[in-house]
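One structure below.
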Amino acid sequence: MSRSATANNSNNGVLEFGASSINQVKQYIDNNKVLNLDYEIDHSRLFECAAEIAVTVYPEWNKNDLECSQFTDGLTNKLIRCKNKKENFILLIRTYGTMTEMFLNREQEIQNIISLSHFGFAAPIYARFKNGIAYGYVHGRPLTLEDCQNPEIYGLIAKKIAELHRIDVAGSQKPLVFLTIHDWISKVPPRYRNAKFQAQFEKDINWPQLVKDINHLEQQILKLNAPVKFCHNDLLSLNIIYNEDEKRVSFIDWEYGCYGYRSLDIALHFINFAGFEASWHQCPKKDYQIKWLRHYLLAYNSGTEITDYDVELLYREVTKFGLVGLIHIGLWALLQANLSDLDFDFMGYAVELFNEFYRRRDHEQILKL
């Protein structure tokens with residue numbers, strides 16, 4: 001039977017191995033369950049190269065049956081939807097963005113996807129190549145900000161995140177966010193290639209003071225002893241897929257997934273309401289968050305009675321981790337400002353994030369909650 005006849009083109013398939021064991025996940029990879037292709041996609045020939053990958057993964061396919069199109073919403077990677085019209089099967093081909101290996105552990109990403117696929121949280125991965133991966137398609141549509149404000153849908157999101165935080169994904173369970181933050185601080189360039197970015201960096205960012213404030217924030221956050229769970233860490237609306245027929249949500253794009261603080265995962269979701277335009281007024285207010293967090297706790301605790309005090313405690317913790325989230329995304333933007341070839345004002349975005357960090361810390365006195 002062909003691979004296309006047996007593969008599950010959604011996130012409902014279950015792989016038969018110990019998905020909580022990193023050794024078994026690595027063995028799954030070593031046994032060529034994930035094809036390792038000696039191939040590099042040329043970004044000037046995206047569709048042609050994507051078709052080559054597709055017929056390598058599925059040798060019985062004919063290129064003439066393939067219909068390729070590109071998703072254009074992402075800021076870093078390039079994503080191709082490769083549909084076999086005859087089989088009615090969709091394969092996604094993702095190529096990595098420029099220098100994204102500075103931010104991401106691609107080997108860990110593949111291991112995460114394999115483990116998450118076992119638990120029904122990710123579509124299966126079929127192949128890896130020099131600058132990307134080929135994996136399954138999750139049916140549905142990406143959410144909008146308006147969707148995320150809909151009580152029927154945000155309840156599903158909260159429940160799904162709670163379910164994610166309950167599973168035992170393979171790999172080290174050490175929280176990585178502050179290690180990542182310090183690594184990114186060390187990689188901020190002494191001078192930006194773009195003269196405009198350099199001028200704005202000097203004008204709008206007090207770098208020595210910011211680093212000092214980040215270190216102080218870390219000390220305060222570590223005192224919380226917050227729960228550590230496997231987290232998505234990039235749940236903007238476009239990474240949440242809604243299947244209207246089944247009334248369920250799924251998460252995609254797991255490249256930032258790792259073990260971390262569950263409250264940071266939630267805080268990052270709320271921060272992403274602001275979008276890349278940094279429209280902070282769009283971030284959910286306390287009344288929304290309280291309702292959302294109640295959905296989360298009910299799902300996380302499997303229906304156990306949740307008190308108002310339980311919800312308030314989690315709200316305070318999530319609010320404090322929002323400061324970490326702003327720093328995390330801001331440092332990511334600082335590095336992208338020197339590396340990315342995209343036409344986006346990463347430096348301006350970083351400045352907005354750091355300004356919001358100080359506004360919340362100083363004016364709202366968040367750390368004193």
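A few notes on this one:
- Counting only residues that are part of a strand (DSSP E or B), of a type in the set (Ser, Thr, Tyr) and either farther than 26 Å from LEU35 by Cβ or out of contact with any Pro (no Cβ under 7 Å at 6 or more places or on another chain) (or both), the range 126-171 holds 1 of them.
- Residue in the range 136-151 that is modelled with pLDDT under 95 and surrounded by 21 or more Cβ atoms within 10 Å (Cβ to Cβ) present: no
- In the range 1-119, counting only helices (runs of 4 or more DSSP H) that sit wholly within it, the ones holding 3 or more residues that are at pLDDT 90 or above span 46-57, 106-118.
- In the range 268-314, residue nearest to the chain's Cα centre (by Cα) [restricted to those that are hydroxyl-bearing (Ser, Thr, Tyr) and buried (at least 20 other Cβ atoms within 10 Å of the Cβ)]: TYR296
- Residue within the range 182-190 that is in a loop (DSSP other than H, G, I, E, B), in the same structural domain as VAL351 (by TED's automatic domain parsing), surrounded by 15 or more Cβ atoms within 10 Å (Cβ to Cβ) and not β-branched (Val, Ile, Thr) present: no
- Look at (1) among the hydrophobic types (A, V, I, L, M, F, W, C); (2) part of a loop (DSSP other than H, G, I, E, B); (3) farther than 23 Å from TYR242 by Cα and you find that ALA123 fails only one, number (3).
- If you go through the range 156-209 and pick out every residue that is of a type in the set (A, V, I, L, M, F, W, C) and either free of Cβ contacts under 8 Å to residues at least 40 places away in the same chain or at positive phi (or both), you end up with 4.
The values are calculated or read from the model by the stated rules, or taken from the named source; none is laboratory data. Being a predicted model, the structure only gives us computed values, none of them experimental. Because the Cβ atoms are built from the backbone with ideal geometry, glycine has one as well, and the counts that use them run over all protein chains shown.
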